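A short worksheet on the structure shown next.
The values are calculated or read from the model by the stated rules, or taken from the named source; none is laboratory data. Being a predicted model, the structure only gives us computed values, none of them experimental. Cβ sites come from the backbone with ideal geometry, for glycine too, and all protein chains shown count toward neighbours. What goes into the accessible areas is simple: the full protein's heavy atoms, side chains included, and nothing from ligands, DNA or RNA. Shrake-Rupley method; radii C 1.70, N 1.55, O 1.52, S 1.80 Å.
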Amino acid sequence: MSRKKFKKYTSGPRNLVIMAALLAASLLLLTKLTDLSQAIEKITFSTFLDKVQADEVKEVKISGAGIAGELKNGQQFETVAGGYEKTWDLLREHKVVFEVEPANGKMGYLWYAFLLLFPLIAFAGAWFAMRQGKGGTSGGSGGIFSMGKSRAKVFMPSTIKENFESVAGANEAKEELKDVVDYLRNPKKYTRLGATVSRGVLLVGEPGNGKTLLARAVAGEANCPFYSISGSDFIEVFVGVGASRVRDLFAEARKTAPSIIFIDEIDAVGRHRGSGMGGGNDEREQTLNQLLSEMDGFETHKDPVIVIAATNRVDVLDRALLRPGRFDRTVTVPYPDLKSRELILAVHLKKIKLGDDIDAVKIARGTPGFSGADLANLVNEAAINASKKEQDFTTMIDFEDARDKVMLGKESKSMSLTEEDRRITAYHEAGHALVSLMLPKELDPLHKVTIVPRGSALGVTHSLPEREKYNTNKVEMLAKIVMSLGGRVAEELVFNEVSTGAYSDFVNATRIARRMVCHYGMSDDVGLVIYEQDHGKYQYSEKMAEKIDSAVQGIIDSCHQRSRELLSENRSKLDALAAALLDKETLYASEIYEILGIEPRQDLRLVK
Ligand code: ADP
Ligand code: ZN
């Protein structure tokens with residue numbers, strides 16, 4: 001973040017900044033000149049095609065109609081192709097590494113002149129940036145020379161190999177993204193009836209769980225260009241550059257619509273505004289504002305540009321990003337459960353030579369808490385182990401060793417679970433779930449229970465609200481507290497010590513209890529006077545505060561007692577549920593009813 005501080009320098013260090021800029025510029029110039037001394041050969045386009053065909057080309061960079069690259073013998077070359085589209089296919093066929101930049105009318109020979117002027121320009125740039133830093137509001141200058149060019153990587157449909165089949169598991173995410181694909185393929189189908197379809201999709205999940213993969217798969221399925229950029233690429237030293245990159249990016253994407261813009265790590269630009277030190281004229285805020293206005297500016301009758309953004313920090317995002325018409329659709333991309341791990345492994349195991357003893361189910365069982373990327377990594381490490389030993393194929397032992405290595409790597413990132421963690425989590429979630437099943441009249445129906453970690457939570461028990469509730473009564477509130485405490489109670493019953501995993505449950509339980517006492521007059525001791533409102537507090541005496549606290553405590557204690565009774569009376573059910581969770585990791589309500597032999601509750605889905 002040292003970059004952001006740049007514009008905050010006051011006159012003291014200013015000279016220093018200028019000197020640093022000049023020094024950097026001269027260094028850059030020097031390296032550029034040495035580059036040039038390696039004589040770039042100008043070849044005709046037909047020669048270029050011949051050389052590709054003869055597999056003599058190592059790598060190329062395509063920029064508009066210009067192609068620059070390197071032969072396998074080290075010779076650099078340049079050529080001009082008049083937008084001959086088959087080039088890309090040919091390059092792929094001959095496995096030439098290539099990179100495409102959006103056509104931006106690169107200056108060609110002017111480049112040389114530019115190099116000579118570079119120090120001057122850098123100087124002007126530094127000065128400009130400082131002017132901006134002094135509180136000038138003229139941001140969004142269109143960038144300094146070519147600095148505003150979007151920086152995005154562009155992938156044309158013919159180069160995108162991913163589709164939904166490349167993404168194993170993740171069925172819920174794929175299901176949600178199918179609409180987006182259908183819309184991109186056939187926008188008129190929707191606009192015809194006046195439907196507004198979301199233009200922004202937020203993929204939320206921990207790193208390595210396939211967000212980028214999913215976004216590329218959407219592009220592959222919809223057969224449309226894919227512009228990829230990371231949120232941090234927008235943020236630069238020079239104020240206004242980020243905003244102008246956003247503008248360029250959207251302009252490019254609109255030209256090739258229907259198309260997809262993928263912004264990885266959107267939190268780098270999308271953080272809640274006003275949280276930085278820079279005040280209202282922060283570089284990041286300008287970039288964010290530009291992004292918001294580009295998204296608002298989508299014209300519904302034109303071919304769509306869909307923006308897919310990825311993050312694992314929705315909590316820090318500026319709420320404005322999530323408003324209708326912007327990222328109004330959120331798709332969670334969770335850690336894979338057992339079945340999904342098996343499917344992901346299948347995808348990656350295809351790529352290596354396997355011995356007869358390989359058992360994908362067993363590997364999946366042994367890798368709880370692994371992300372898709374961890375699994376891909378595991379397979380690769382196993383193949384490396386086998387290669388080191390000069391085996392002809394990988395065996396389970398190679399996987400065993402590889403797993404230890406990947407686990408160790410994960411250890412530092414603290415998301416690998418010990419067997420004990422899993423057992424505790426399974427009982428904890430089973431406790432919540434069982435309470436909810438035992439109090440069907442008071443609580444919303446169970447939806448699913450999982451011990452697949454998400455974010456900082458090790459497991460989750462989801463209920464489906466049965467109806468919009470405007471009114472809730474004392475009995476229901478008490479039941480909610482009993483359910484909140486069910487996780488901890490299950491731990492108490494089964495293990496000798498209790499974990500710290502119940503913190504948010506207590507917060508929840510206490511909040512409900514306090515509301516009962518202070519808002520709704522549900523405590524006889526405290527009575528019917530309201531002692532708090534959602535906004536602002538009422539004053540009350542020390543003595544009353546004590547009364548309130550003890551009333552809250554009383555409610556929690558009796559609910560705790562109730563929870564203990566419920567769960568110890570049903571200990572065998574608790575054990576069965578926990579065992580099933582350890583085995584399957586995620587259980588839907590229907591499966592739970594079956595395991596426990598409980599009469600299913602009526603299902604409220606509109607369509608089966
Ligand atoms: P993210 O963008 O969420 O950090 P990526 O999409 O970059 O994750 O995933 C990294 C790699 O992990 C992918 O390239 C792929 O090899 C592997 N991977 C992740 N999820 C899956 C999946 N569901 N199926 C197959 N491979 C996956
Ligand atoms: Zn809990």
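Key figures
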quantity	calculated
Unmet criterion (only one of (1) within 11 Å of ligand 1 (Cβ to nearest atom); (2) within 22 Å of TYR588 (Cα to Cα)) for HIS348	(2)
Whichever residue in segment 445-459 is open to solvent by 40 Å² or more (accessible area, probe 1.4 Å) and touching a strand residue (DSSP E or B) at 6+ places or on another chain (Cβ under 9 Å) and, among such residues, is modelled with the highest pLDDT	HIS447
Single match in ARG284, ARG319 (criterion: surrounded by fewer than 16 Cβ atoms within 10 Å (Cβ to Cβ) and either of a type in the set (Lys, Arg) or at pLDDT 90 or above (or both))	ARG319
Inter-residue pairs, beta-carbon under 7 Å, first more than 9 Å from ligand 1 (Cβ to nearest atom) and in segment 373-385, second among the small types (Gly, Ala, Ser), 6+ apart	LEU378/ALA402; GLU381/ALA402; ALA382/ALA402; ASN385/ALA402
Whichever residue in segment 161-173 is in a helix (DSSP H, G or I) and within 17 Å of the chain's Cα centre (by Cα) and, among such residues, is nearest to ligand 2 (Cβ to nearest atom)	GLU172
Counted residues, segment 472-509 - those being touching a strand residue (DSSP E or B) at 6+ places or on another chain (Cβ under 9 Å) and surrounded by 16 or more Cβ atoms within 10 Å (Cβ to Cβ)	4
Scope segment 55-68; condition touching a His at 6+ places or on another chain (Cβ under 9 Å) and hydrophobic (A, V, I, L, M, F, W, C); matching residues	VAL57
Flag for SER158 being touching an Asp or Glu at 6+ places or on another chain (Cβ under 7 Å) and not in a helix (DSSP H, G or I)	no
Pairs, first touching a residue at least 12 places away in the same chain (Cβ under 8 Å) in segment 552-577, second open to solvent by 60 Å² or more (accessible area, probe 1.4 Å) and aliphatic (A, V, I, L, M), C-beta under 7 Å, six or more apart	ALA576/ILE595; LEU577/ILE595
Residue selected from segment 134-155 under the condition open to solvent by less than 40 Å² (accessible area, probe 1.4 Å) and not in a loop (DSSP other than H, G, I, E, B), by the criterion modelled with the highest pLDDT	VAL154
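Conditions (1) more than 26 Å from LEU581 (Cβ to Cβ); (2) open to solvent by less than 70 Å² (accessible area, probe 1.4 Å); (3) modelled with pLDDT of 95 or more; (4) in the same structural domain as LEU458 (by TED's automatic domain parsing), marked per residue:
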site: ASP357; (1), (2), (3), (4): yes, no, no, no
site: VAL361; (1), (2), (3), (4): no, yes, no, no
site: PHE370; (1), (2), (3), (4): no, yes, no, no
site: ASP374; (1), (2), (3), (4): no, yes, no, no
site: ALA386; (1), (2), (3), (4): yes, yes, no, no
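So that you can scan it fast, the table gives a plain yes or no per residue for (1) in contact with a strand residue (DSSP E or B) (Cβ under 6 Å, 6 or more places away or on another chain); (2) at pLDDT 85 or above; (3) among the aliphatic types (A, V, I, L, M):
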position	(1), (2), (3)
GLY521	no, no, no
SER541	no, no, no
GLN553	no, yes, no
CYS559	no, yes, no
ASP575	no, yes, no
LEU587	yes, yes, yes
LEU596	no, yes, yes
ARG601	no, no, no
